[in-house]
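S.K.: Supplied in structure tokens, the structure appears directly below.
The values are calculated or read from the model by the stated rules, or taken from the named source; none is laboratory data. Given the structure is predicted, the values throughout are model-derived calculations rather than measurements. Backbone-built Cβ (ideal geometry, glycine too); neighbour counts: all protein chains shown.
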Amino acid sequence: MQPLLEVKKLAKTYERRHAAGSRDKLRALDGVSFAVVQGTTLAVVGESGSGKSTLGFCISCLEVPSSGSIWFEGKDIAALAETERRKIRPRIQLIFQDPSNSLNPRWNVGEILLEPLTLQGKLKREEMKQRAAALMEQVGLSSDLFRRLPAQLSGGQRQRLAIARALALEPRLLILDEALSALDCSVQAQIANLLVELQRTLGMTCIFITHDLAMAAHLADEIVVMNRGKVAEQGPAEKVLRHPEAEITRHLLAAMPSFHSAERPPLDS
């Protein structure tokens, strides 16, 4: 099957300035390659500083890679001009760890959901309101929240709102960058189950970026383990969990509070 996304030898280098005036270069990504098949979830797992967030920024067209290619729907989006990259961005949505970064604090829930629909210009006003209400229902938000501000929502509700806003643009690829890590365990389970249900009903393709190998095990079909900007290991989730080959994978497994190779701990709460 043709992959929806194929990353080939991707590299990203940043220049750092020091207080004394000297400069050096930080290689955040170093020859990263993998593919994601339509309708599946790939988990990108690694410790802080492994390059996984930079990878998400590059794929979502928020950063320009230093070299390599990102093939999405048959186009190398890494080679596109900025005007063309803008056209791609709605089809690749990135959800952050803290949804406050992407939610306008002065807008209420309804305004936040209507904004992307207004920019698309495909629906009439009443149709947009109906679509916003449907999106809220889809992610498990009560219609009573329509006029509330983000600050008046719980962390789980804000993350659901961020997911609904991303879905409003009908993306082909949804990237979640540590989107569950700031939530408590019960809310993590609820959002994780929501993502599983959305993938089942919408056939979404997802990249789930996390340091949590246990959560990756529940959500992912394939796992890529990153270390210092490189892919340390990749393969089907069960294989990576049951027969880890890289030292960093074994380290991440050891950090899991409870992992049994025969079965995974339940998510449903």
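S.K.: From the list GLN120, GLN157, GLN97, exactly one residue is touching a Leu at 6+ places or on another chain (Cβ under 8 Å), on the phi < 0 side of the Ramachandran plot, in contact (Cβ under 8 Å) with a residue 24 or more places away in the chain and polar (S, T, N, Q). Which is it? Talk me through it step by step, then tell me what you get.
M.R.: Working: GLN157 fails: in contact (Cβ under 8 Å) with a residue 24 or more places away in the chain; GLN97 fails: touching a Leu at 6+ places or on another chain (Cβ under 8 Å).
Only one candidate passes the filter, namely GLN120.
S.K.: How about the range 95-113: which of its residues are under 22 Å from the mean Cα position of the chain (by Cα) and not in a loop (DSSP other than H, G, I, E, B)?
M.R.: Hits for the range 95-113 are ILE95, PRO99, SER100, ASN101, VAL109, ILE112, LEU113.
S.K.: Please state which one of LEU195, LEU167, LEU176 is within 25 Å of PRO3 (Cβ to Cβ) and in a strand (DSSP E or B).
M.R.: From the options LEU195, LEU167, LEU176, the qualifying one is LEU176.
S.K.: Considering each residue of the range 198-230, count those that are modelled with pLDDT of 90 or more and either part of a loop (DSSP other than H, G, I, E, B) or in contact with a Gly (Cβ under 8 Å, 6 or more places away or on another chain) (or both), and give that number.
M.R.: 14
S.K.: Do we have ILE95 as modelled with pLDDT of 95 or more and out of contact with any Pro (no Cβ under 6 Å at 6 or more places or on another chain) here?
M.R.: No; evaluated as a whole, the condition is false for this residue.
S.K.: How many of the residues in the range 134-164 are within 21 Å of the chain's Cα centre (by Cα), over 17 Å from LEU202 (Cβ atoms) and part of a helix (DSSP H, G or I)?
M.R.: Number satisfying all stated conditions: 7.
S.K.: Keeping to the range 101-124, report how many residues are surrounded by fewer than 16 Cβ atoms within 10 Å (Cβ to Cβ) and in contact with a Pro (Cβ under 7 Å, 6 or more places away or on another chain).
M.R.: Total satisfying the criteria: 1.
S.K.: Report the residue count in the range 6-45 for those that are among the acidic types (Asp, Glu) and free of Cβ contacts under 8 Å to residues at least 60 places away in the same chain.
M.R.: Step one: filter the range 6-45 for residues among the acidic types (Asp, Glu), giving 6, 15, 24, 30.
Checking the rest, the ones that are also free of Cβ contacts under 8 Å to residues at least 60 places away in the same chain come to 15, 24.
Summing the residues that are among the acidic types (Asp, Glu) and free of Cβ contacts under 8 Å to residues at least 60 places away in the same chain in the range 6-45 gives 2.
S.K.: In addition: Could we say that ALA78 is more than 17 Å from LEU180 (Cα to Cα), of a type in the set (Gly, Ala, Ser), surrounded by 18 or more Cβ atoms within 10 Å (Cβ to Cβ) and at pLDDT 95 or above here? Full working, then the answer.
M.R.: Details: more than 17 Å from LEU180 (Cα to Cα): yes; of a type in the set (Gly, Ala, Ser): yes; surrounded by 18 or more Cβ atoms within 10 Å (Cβ to Cβ): yes; at pLDDT 95 or above: yes.
For ALA78, the condition - more than 17 Å from LEU180 (Cα to Cα), of a type in the set (Gly, Ala, Ser), surrounded by 18 or more Cβ atoms within 10 Å (Cβ to Cβ) and at pLDDT 95 or above - is met.
S.K.: All but one of (1) in a loop (DSSP other than H, G, I, E, B); (2) in contact with a Cys (Cβ under 6 Å, 6 or more places away or on another chain) hold for ARG85, so report the exception by its number.
M.R.: (1)
S.K.: Scan the range 236-256 for residues that are part of a loop (DSSP other than H, G, I, E, B) and closer than 15 Å to HIS211 by Cα and report the count.
M.R.: Qualifying residue count for the region: 2.
S.K.: Another question about this same structure. Select the strands (runs of 3 or more DSSP E) contained entirely in the range 10-74, then report the ones holding at least 1 residues which are over 27 Å from LEU219 (Cα atoms).
M.R.: Result: 23-37, 67-72.
S.K.: What is the number of the single condition among (1) in contact (Cβ under 8 Å) with a residue 60 or more places away in the chain; (2) surrounded by 19 or more Cβ atoms within 10 Å (Cβ to Cβ) that LEU241 does not meet?
M.R.: (1)
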